[in-house]
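Rule-based calculations on the coordinates, nothing more; no lab input. Predicted model, so just to flag it, every value in this text is computed and none were measured. Using ideal geometry, Cβ is built from the backbone for each residue, glycine included, and neighbour counts are taken over all protein chains shown.
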Amino acid sequence: MKVLLFSHTFLPTIGGRELVVHHLADALDRLGHDVRVFGPAGWWQHRHNHFRYPVVRHPNLLRFPFRARGLSRRIRERQLGWHLQWEVARQGIDVVHAHTTYPTGYIATRVFSHLPVVLTPHGVDIDTIPQMGYGLRLDADLKPRIDQALERATAITAISEGIHTSLRSAGADDARIFDVPNGVDLVRFRGPPSSDVRGRLGLQPETKLIVTVGNFHPRKGHDLLIRAMRSISHAHPDARLVIVGRGTEGLAPLIGELGLRDKVILTGSVALPATFRCSAVPGNGGEDLLADILKSASVAVSAGISEGAEGLSLAVLEAMAAGVPLVATRITGNRDIVQSGQNGYLIEPSNVTALAESICTVLALEDEGRAMGSAGRALVAGRYSWEAVANQYLEVYEWARLRTVSSQPQRKGTAQRYGDSA
């Protein structure tokens, strides 16, 4: 099958969506399908970045961002739409898989009426947190575009129960929604760390690492976790919090205000491992710092503050693959995969006391923590491998292709809705 994964951003920009598109493309390629990633800008800037599969970048000649309004936004949409049509016609694509409702879902459903378009929201493009102004659907100019994408898409996938609920709330036809989770690279997070992470961070060998991974945004709850470190440090003076992600340097004033400069480490964004690419480009050689940090962790934390703060967190899946016990807030996405008392603990969102107590429990009961980590690794080894996820997407692609020639296709295989029987 010839599959085009349509995303307006891609590696080396690091985020959940970019990593999902990469791993899905890699898995489809390994399964023998003709797959390419299309849509990101940076045609010249990233010309030396090559992957196992083709990545078709475009020159953003007018340099209008999608967040621009009015005529600038429409010109940007038309520019990418024309390029998409040309690529699909040139390659004889069977299915376009758009990642995000806007801009890619809107553009793909606008320019194609007889080609299957599968649409995958990733969070901010479908979820909303009104009190924080979070979510593209809160934008009066973007909401009609997102509504149009949901109405016209041949099939829509939901990476979590919460995303499925948001899709229904947004008016998507439930008969066209399939639940396909994110996956995790099991090989990358298997085995011991390849480097001395504690030594690199200037820490003693006995230091216990509390790790959270995610680019900075208030919805992630980084500030709550930092506040929890005050009581955690009293109970476990040898514990350190390591925050990995782009933009987290903005947390430095809070860390200083609380007197935690020697207790919290901000790594910033870490470079991609060379194994993501298939050509020599400037980078970090064979090092995989993120994997080594997770493999060295005593506990991993996902502290999203409310419903809609996460879709299905790759960071949580990666921690589980590394065999790390979890402390996570009881929100959509986390609830789908964290089984409280088995592979970690679920706590109520925005509760600093409960967050600190659960982390202290994991740090104090090392044998229980190791058992939880093993349970998490066993859970993700099945359904959440990228090969398993890619096969579910292939079923959705085939369903979407059939739908273009049949008015009432039947669901089949493992790709199903939450609540459907296995």
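Numbers at a glance
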| item | result |
| --- | --- |
| For the range 103-165, alpha-carbon Rg relative to the globular expectation (2.2 N^0.38 Å, N residues) | 1.12 |
| Residues with amide H under 5 Å from that of SER302, placed H, sequence gap 5 or more | VAL327, ALA328, THR329 |
| At R0 = 51 Å, FRET efficiency that the Cβ-Cβ distance of THR353 and ALA274 yields, to 0.05 | 0.75 |
| The range 197-380: relative contact order in percent, alpha carbon pairs under 8 Å with at least 6 residues between | 22 percent |
| Cβ-based exposure ranking for HIS33, HIS164, in which fewest neighbours within 10 Å come first | HIS33, HIS164 |
| Crossing angle, helix 222-235 versus the chain [Cα axis fit, 0-90 degrees, rounded to tens] | 20 degrees |
| Shape of the range 197-380, Cα gyration tensor, a/c cut at 1.5 | rounded |
| Overall form of the chain per C-alpha gyration tensor (a/c, 1.5; a/b vs b/c) | prolate |
| Cβ-based charge dipole, the range 197-380, positive-most Cα from VAL338, ALA228, VAL244 | VAL244 |
| Sorted by Cβ neighbour density within 10 Å, fewest at the top, the residues ARG176, ARG52 | ARG52, ARG176 |
| Restricting the range 178-214 to trypsin sites (Lys or Arg not before Pro) in coil, as DSSP defines it, with at most 15 other Cβ within 10 Å | ARG190 |
| Cα-based Lys proximity count in the chain, under 27 Å, for pairs eight or more positions apart or on separate chains | 8 |
| Rg over Rh [alpha-carbon atoms, Kirkwood Rh] for the range 200-309 | 1.00 |
| Test item: Cα-centred dipole of the chain, Lys/Arg +1 and Asp/Glu -1 on Cβ, debye | 1280 debye |
